[in-house]
Amino acid sequence: MRRRVNYLGTLLTMMICLSAHAQDHMYSQFFNSPMYLNPSLTGQFEGDIRLNMIYRNQWSGLSGDLSYISASADLNISKFAGGVGLMFNRSSEGTAYLVKNNAAATYSYSVGGDDFLMSFGIQAGFTNRQIDWSKLVFSDQIDMRLGYLPGSVSAAQPPDIDNKIFFDAAAGTNIVYHDFMIGAAFHHINQPDESFSGTQAKLPMRVTVNASYRIPIGGYVGYGQEDDGPYIIPSVVYYKQASSTSLSTGAQFKYRGLNAGLWYRSSGSSGNDAVVVSLMFDIFKGSRNGEKLRLGISHDATTSGINYTNTSGTTEGSIGYEKYFPNSSNYNKYNGLRCYDFY
């Protein structure tokens with residue numbers, strides 16, 4: 001029985017990969033992967049250089065691998081009134097089933113002042129998609145009574161192609177006005193063909209909309225940067241890609257170097273998806289050169305039909321680092337809020 005349960009878990013993972021091959025992964029700590037969320041957030045931070053990395057291990061209780069990683073580096077360049085950056089994304093789905101590697105360059109430009117800032121961003125890169133056909137299990141390798149037959153060879157003939165490279169583009173905008181922020185991004189604008197078989201299979205455009213509001217508590221009124229909280233920051237993030245939709249709503253409590261969040265995520269017609277708890281710590285914050293090290297962790301408790309008992313939930317870990325260069329002209333340049341004050 002245990003062997004059959006493990007087999008069914010593997011099969012379920014493969015079915016999820018097959019049905020979700022045209023969908024991007026999403027991070028629960030969307031605020032710790034800003035360039036993945038929206039290219040207009042490139043260079044939008046308190047410093048001259050920023051490094052970010054986030055790792056997501058999804059449904060660790062199932063057989064197979066569903067893991068995702070994003071790493072980025074960007075510069076805040078005042079001469080450009082924006083920033084430039086590089087980003088790398090990797091996803092691995094199934095037991096060596098499907099792997100994607102993406103490398104992209106981003107650029108953003110900003111207009112406005114202390115009370116209002118609008119940013120525009122573009123992103124361009126290449127994606128390499130790979131599949132290992134030998135890891136797939138076909139119907140003639142399954143016995144109705146025993147399940148998968150180890151060592152069996154299928155008569156099915158897989159396609160000759162197991163590796164594909166295509167161009168990918170994205171764009172976005174973000175607005176900050178006093179204590180309110182709203183942004184929108186459009187990924188896979190060119191809708192590249194990612195098919196292995198030769199039959200066209202376009203990657204649908206992914207639309208992301210995010211909004212946050214910063215509420216000071218404890219009697220403080222205003223939106224200057226000198227005060228470090230406490231704050232409550234409710235946020236909404238909406239994703240849509242083809243017929244798939246997802247909505248994350250929740251709030252963060254932010255005070256000095258501590259940021260704690262509670263989120264609820266729904267997923268299209270299936271309704272419940274997960275409840276998410278996040279916790280972040282900012283270390284070195286407040287030093288003269290603006291140096292800050294951020295450590296973050298979050299856990300998704302699955303509430304959908306597949307349930308938490310079967311999946312063991314999803315865990316994310318993140319790390320970020322930013323600082324000013326010596327004698328930087330950007331230090332303490334702004335008095336109003338920027339996007340980084342909302343997470």
Go through the range 116-122 residue by residue and turn each phi into a ³J(HN,Hα) via Karplus (6.51, -1.76, 1.60, θ = phi - 60°); whole Hz please, and just put x for glycine and proline.
8, 9, 10, 10, 10, x, 10
Can you classify the range 28-144 as rounded, prolate or oblate using the Cα gyration tensor, where a ≥ b ≥ c are the square roots of its eigenvalues, rounded means a/c under 1.5, and otherwise it's prolate if a/b beats b/c and oblate if not?
prolate
Ellipticity estimate at 222 nm from DSSP helix runs (n ≥ 4, -39,500 (n - 2.57)) divided over the chain, nearest 500:
-2000 deg cm²/dmol
Report the FRET efficiency, 1/(1 + (r/R0)^6), for Ile161 and Ser312, where r is their Cβ-Cβ distance and R0 is 56 Å, rounded to 0.05.
0.95
Rel. contact order, % - alpha carbon contacts under 8 angstrom, at least six apart, the chain
17
Taking the number of other C-beta atoms within 10 Å as the exposure measure, put Trp133, Trp263 in order starting with the fewest.
Trp133, Trp263
Gap in Å between the Cα centre of the range 142-159 and the Cα centre of the range 50-87?
38
Near the amide H of Leu258, under 5 Å away, which other amide H atoms are found, from residues 5 or more places off or on another chain, if H is placed in the peptide plane?
Asp282
Which label marks the calculated value of percent of Cα pairs over 33 Å apart, given the options (i) 35; (ii) 31; (iii) 24?
(ii)
Scanning the chain for trypsin sites (Lys or Arg not before Pro) in DSSP loops with at most 10 other Cβ atoms within 10 Å, what's the longest stretch left with none?
1-144
Filter the cross-link list Lys202/Lys292; Lys135/Lys202; Lys79/Lys292; Lys164/Lys240; Lys254/Lys323; Lys100/Lys240 down to pairs whose alpha-carbon distance in this structure exceeds 32 Å.
Lys202/Lys292
Using the 10 angstrom Cβ neighbour count as an exposure proxy, how do Asp65, Asp162, Asp300 rank, fewest first?
Asp162, Asp65, Asp300
Can you give me the angle between helix 2-19 and the longest principal axis of the chain, using Cα atoms only, in degrees from 0 to 90, rounded to the nearest 10?
60
Positive end of the charge dipole of the chain (Lys, Arg +1 and Asp, Glu -1 on Cβ, about the Cα centre): tell me which of Tyr308, Val111, Pro158 has its Cα farthest that way.
Tyr308
Rank the residues Tyr255, Tyr308 as a footprinting-exposure proxy: fewest other Cβ atoms within 10 Å of their Cβ go first.
Tyr255, Tyr308
Multiply the residue gap between Asp114 and Ala242 by 0.36 nm, knock off their C-alpha separation, and tell me the result in nm, one decimal place.
42.3 nm
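None of the figures in this text is laboratory data; all of them are computed from the coordinates on show. As the structure is a prediction and not an experimental result, all values here were calculated from the model. Cβ sites come from the backbone with ideal geometry, for glycine too, and all protein chains shown count toward neighbours.
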